Amino acid sequence: MKKYLLKYSLEFLVIVMGISISFLIEKRNLKSYNEELKNISLEKIYKNLSQDVEDLNFNMAVHNDAIISGNQILNRGKELFENEKDSLGYHLSLISTATTFFLDNQEEYSAIKNSGLIELIENQEIVSLLQTRYSETKVYSIFDDLFMKLYFKLKDYTFKNISSSRKQYSKFYGPLSYGIFLGENPIDNEIENYIYEKTAFHKFYVSIMEARLKEDLKILALIERELSKENIFFERNSFYDAAQKIN
């Protein structure tokens, strides 16, 4: 009896150990699988942020040019009207139409957050910075609306007072055109107020984008460390690249 009891006890122990080892292997495999999924998601976020960095530089160039043109009209409007109507037309065209749309891809961040994989990120500073970054994106749509409203305030006056024969010029962010100022009088006070308001918004918007750019570059550096990769190659698909193809 003792012989059979020992035999069955050993068999039971072997079975329990086998099941335990199977569970342990499965658990490790699942952890490894989730870790790989986390890394894949982080790499996609890295690619999205890298494209956003290029688009931020693209957008800032547009808004900085608008600031220059706005200030030229506000500070030298009458002088330009009397002596440089070509330049006045250029600056009026640019400040009137300059706007950008910053399209933020949040799909991958939402996926890693909703799946719980974000908890596997070792560096919690990445988690904190990503949460802050993607919660602040609404401010960009607010500015998009503001710039469009001011565009509609200025467009009728601008197109009425510049020539239909346009001159072409190129910026690194794309080809543009403007007409010579044909108005019989200098830019009136109402339009100057709209230009003042739009120029101020451009300045504030650039400061926001500069802060975002700084944070994005910090996140990119942290993700590189998290993934133990010095370089992550990806297909470029930014607005900057699209503009270069047009040129």
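Brief remarks follow.
- Counting 0.36 nm for each residue step from LYS160 to GLU192 and taking away their Cα separation leaves a gain of 10.0 nm.
- Rounded to the nearest whole Hz, the Karplus-based 3J(HN,Hα) values (6.51 cos²θ - 1.76 cosθ + 1.60, θ = phi - 60°) of the stretch 107-116 follow the sequence 4, 5, 5, 4, 5, 5, 6, 5, 7, x, with x at glycine and proline.
- With Cα atoms as the point set, the stretch 63-246 shows a radius of gyration and Dmax of 21.1, 67 Å.
- A cut-off of 5 Å between modelled amide H atoms, ignoring neighbours fewer than 5 places along the same chain, links GLY183 with no other residue.
Computed from the coordinates by the stated procedures, all read-outs in this text should not be read as laboratory data. The structure displayed is predicted, hence computed values, not measured ones.
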